[in-house]
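Structure first, commentary second.
Just so you know, all these numbers are worked out from the coordinates, no wet-lab data involved. Treat the numbers as computed from the prediction; the structure is a model and nothing was measured. FYI the Cβ positions are ideal-geometry reconstructions off the backbone, even for glycines, and counts take in every protein chain you see.
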Amino acid sequence: MGENRNISFRDPDGKLELTEDGTVYRHLTPSGVIRFLQIRALKTVQSLQGSGNWIDCQTHPQEPTRLEHPRIFFPSYPYEWAQGMLRAAGLFTINVNRLLLSEGWELKDASPYNILFRGVKPIFVDHLSPVLRSARQMGWSAYGQFQRTFHIPLLLNHRNRIPLPWMLLAHRDGVQPETAFPLLSALGRFHPSVIAPIVMPTLLHRYCRVGPTPSFSLKAGESEEDAGIVTNRILRGMSRSLNTLAAKSLTSPWSGYDEVLTDKDGHQENLAKENFLKQVLSEFRPKTMLDLGCNRGKYSRIAALMGSTCVSIDSDPECIERLYQQSVTENLDILPLQVDLGLPSPALGWDNTETLSLIERMKGKFDLTLVYALIHHLLVRERIPLDAVVQFVASTTTGIAIFEWVDPGDFQFKRIAGPSIELYKWMTPFVFRKALEKYFSIERESTIQGGTRILYLCQRRPRA
Amino acid sequence: MYIDPGAGAMGVQILIAGILATLLTFKRNLWKILQNIRNFFKLGA
C-alpha cells in the first residue's frame, strides 16, 4: 500500500499513474507533448471540455511532460454498466469521432475504457486518442474495435440475452465477430442487424485471408470531400444501428419489487423507510451516498434530489437499466452499477493493475451507506456471515450507515430462504445489534411493519 | 495460427465505403445528366 500505480501504459506517448489520493497523472514522451498541445487546440476538445464531457488537463510549466487530471469521484468500468450506459458510451464515442472528423482528425481507438461516467454523464478520458487522419481515408481506423467492444456485446445482449458482464469481464478488447457467430441461431444469422457486424466479418475472415499480412486496409477516396462524406455516412449508420438496440422489455423477478410494496402493509413499510431516510439526509447532509441493493433506486432518487451524489448498486440488470433511464430523464446525480456483491468486480488487466477492484474503489469513500433490505439476501443466497457483512459496510463509510433488520418470520425473508428458514432463527434484533455495535454506535432505531423490520441509524466508530 | 484481429470487420467497412462512394459518384453523375437534359431543353426553348 502507499504506492502509486500505473493504470494505463498501452499508449507509447503517455502513461497514466494513479496516486493514493486519487489524483491521476499522465506522463508524456516528448512526442506526446507535441500531440497533447495539438489535441488541446482542437475546437472539438475545447467545446467538450467546456461542457464537462472531456477530462480536464492541468499542465505544470516546470514539468511539461506531466499532466494532471482531476479525479472522477467513482470510476466505473464497462462490465458494471447498464446496457443503456454502454450504448450511451458508444454513441458518445461516435459523436466525438464525427466532431473530430470535421477538423480532419479521428479517434485512433474505440474502447469503452476511454469513457468514465460522472453520474450519468459520459466523460472522455483518453486525451491522447485523437490522431490526424490521412486526407482521403474512407472509413474509421477503429471501426473493428468499435464493433468488438460496443456493437457486438450490445447485439448479443439484445438478441440473445447474454449478460454484458459475461462478455466484458472476460474479454478486455470485446467480442470478436467469429466468437459471436456460433451464438446466433441458424435463422438469426439472416437478421439484418447482425449481417454487417457479425456474419460478414466472420465469412470474410474465414474465406478471404491471404498470407501473414493484414488482409484489409482502408482505401483512399477520390477526393478529401468524398472521403469525408463516406466516413460520415458510415458513422451515422453505426449510431443508427446502436440506437435500435434499446433495452427490450424490462421485467425481472426483482424489477417489480416496488409495485409489490405498494400493496397492503408494503405501502406503510415503504413510507416509513422513506421518512427515516429523509430525516437522516436533512440532518446529516451527506455529500456522497452508497446504496447497496438499490433495486430500482427509489431511495437513491430521494438522496439525489436532496443533493447527494449517489452510487447505486444492484445485481439485477433490469433494475439498473431502469434506474439509469430514470436518472437520465430526471438528470439525477446517480451512478447505477450492475454488480453482484457476492462476486464483486475484481482488479483486471495486465498485472491486475489496469482496473481497480470494486472493493478498493468503495473503501472509505462514502458519507452514508444505505443497506435497506439486503442483509437477508447476502445471508441466505451467498452464505456470508452477518459479521462479515457489517464489517464490509463499515469499510465503505466514513460517517454513517443505515441498516434494516428483517425478521426471519417476514414474508420476503421466508420467500428467499424457503425451507431453510429454520437456519436463520438466530437473526434476532439482539444478535443484529451486537453485530452492528462492533463497528458502529447505534444512534437511532425505528420499528416498522408491526415489528418485523427495524431500521438502524449507525455512526461509524473511529478505526483502531 | 495467424490472427488478424478486426480484419473481417475492416473488410466490411471497406465494402460499405466502396458502395457509398459508388452511390456518391452515381448521384453526382445522375445530377449532371439531369442538368444536361435540362440545359438541352432550355436551349431548345
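Viscosity 1.002 mPa s, temperature 20 °C: Stokes-Einstein D of chain A from its Kirkwood Cα radius, in µm² per second?
88 µm²/s
Express the Stokes-Einstein translational diffusion coefficient of the stretch A:5-69 in µm² s⁻¹, to the nearest whole number, given a Kirkwood radius over alpha-carbon pairs, 4 °C and a viscosity of 1.567 mPa s.
104 µm²/s
Which residue, chosen from A:Pro130, A:Ser111, A:Ala88, occupies the Cα position most advanced towards the positive end of the dipole of the stretch A:80-161, where the dipole is computed from +1 (Lys, Arg) and -1 (Asp, Glu) charges on Cβ about the Cα centre?
Of the candidates, A:Ala88 comes out farthest on the positive side.
Going by alpha carbons, how many degrees (0 to 90, nearest 10) lie between the helix axis of A:30-40 and the longest principal axis of chain A?
Value to nearest ten degrees: 80.
For the stretch A:78-243, just say rounded, prolate or oblate: build the C-alpha gyration tensor, square-root its eigenvalues into a ≥ b ≥ c, call rounded for a/c under 1.5, and beyond that prolate if a/b exceeds b/c, oblate if not.
Verdict is oblate for the stretch A:78-243.
With a cap of 15 neighbouring Cβ atoms within 10 Å, and only residues DSSP puts in a loop, list the trypsin sites (Lys or Arg not before Pro) found in the stretch A:1-98.
A:Arg10, A:Arg71
Using a simple spin-label model with points 7 Å from Cα along the Cα→Cβ vector, what separation in nm is obtained for A:Ile384 and A:Leu423?
Once both label points are built, they end up 1.7 nm from each other.
For A:Leu305 and A:Lys219, FRET efficiency with R0 = 56 Å and r from the beta-carbon atoms, rounded to 0.05?
The formula returns an efficiency of 0.60 here.
Let me confirm one metric for peptide A:138-145, namely the mean number of other chain beta-carbon atoms within 10 Å of its residues' beta-carbons.
5
Filter the trypsin sites (Lys or Arg not before Pro) in the stretch A:292-398 to those in DSSP coil with at most 10 other Cβ atoms within 10 Å of their Cβ, and list the result.
Within the stretch A:292-398, the qualifying trypsin sites (Lys or Arg not before Pro) (loop, at most 10 other Cβ atoms within 10 Å) are A:Arg383.
Can you list residues whose amide H is under 5 Å from A:Ala347's amide H, if they're 5+ apart or on another chain and H is modeled 1.01 Å from N?
Here the answer is A:Ser357, since their amide H atoms fall under 5 Å of that of A:Ala347.
Filter the chymotrypsin sites (Phe, Trp or Tyr not before Pro) in the stretch A:407-442 to those in DSSP coil with at most 12 other Cβ atoms within 10 Å of their Cβ, and list the result.
Those satisfying the criteria are A:Trp426.
Give me, ordered by chain and number, the residues 5 or more places off A:Trp54 or on other chains with an amide H under 5 Å from its own placed amide H.
Hits under the 5 Å cutoff: A:Gln49, A:Phe124.
Can you pull the mean other chain C-beta count within 10 Å for peptide B:13-26?
Across the residues of B:13-26, the mean count of other-chain Cβ atoms within 10 Å is 6.
In debye, nearest 20, what is the charge dipole magnitude of chain A about its Cα centre with +1 on Lys and Arg Cβ and -1 on Asp and Glu Cβ, if you could check?
Around 540 debye, computed over chain A.
Residue by residue through the stretch A:23-28, what is 3J(HN,Hα) from phi via Karplus (6.51 cos²θ - 1.76 cosθ + 1.60, θ = phi - 60°)? Round to whole Hz and write x for glycine and proline.
Per residue, the Karplus-derived 3J(HN,Hα) values read 6, 10, 10, 10, 9, 9 Hz.
Sequence-distant or interchain residues sharing an amide H contact under 5 Å with A:Ile7, placed H: which?
A:Leu16, A:Glu17, A:Leu18
Please turn the phi angles of the stretch A:276-281 into ³J(HN,Hα) values with the Karplus equation 6.51 cos²θ - 1.76 cosθ + 1.60 (θ = phi - 60°), one per residue in order, whole Hz, x for glycine and proline.
Coupling constants for the stretch A:276-281: 4, 5, 4, 4, 5, 5 Hz.
Label-point separation (nm) for A:Asn4 and B:Lys27, each offset 7 Å from Cα along Cα-to-Cβ?
5.1 nm
R0 = 22 Å: FRET efficiency of A:Thr23 with A:Ser357, Cβ-based, nearest 0.05?
About 0.70, to the nearest 0.05.
Can you give the longest run of chain A that contains no GluC sites (Glu not before Pro) sitting in a DSSP loop with at most 10 other Cβ atoms inside 10 Å? Before the final figure, lay out the partial values.
On the way: sites that count: A:Glu3, A:Glu20.
With GluC sites (Glu not before Pro) excluded where exposed in loops, chain A gives A:21-464 as its longest stretch.
Each residue of the stretch A:413-425 in order: what ³J(HN,Hα) in whole Hz does its phi give by Karplus 6.51 cos²θ - 1.76 cosθ + 1.60, θ = phi - 60°, with x for Gly and Pro?
Whole-Hz 3J(HN,Hα) from phi for the stretch A:413-425: 4, 4, 5, 6, 7, x, x, 8, 4, 4, 5, 10, 5.
What's the local net charge at A:Met306, with K and R +1, D and E -1, over the other residues with C-beta under 9 Å away? The partial results should precede the final answer.
On the way: positive: A:Lys278, A:Arg285; negative: none.
Around A:Met306, the charge tally is +2.
Based on alpha-carbon atoms only, what is the radius of gyration of the stretch A:316-400 relative to the globular estimate 2.2 N^0.38 Å? Before the final figure, lay out the partial values.
Numbers: Rg = 14.6 Å, N = 85, 2.2 N^0.38 = 11.9 Å.
Here the Cα radius of gyration is 1.22 times the empirical estimate.
Pull up the DSSP beta bridges for the stretch A:257-460 and report the antiparallel fraction as a percent, rounded to 5.
Around 45 percent of the beta bridges assigned by DSSP in the stretch A:257-460 are antiparallel ones.
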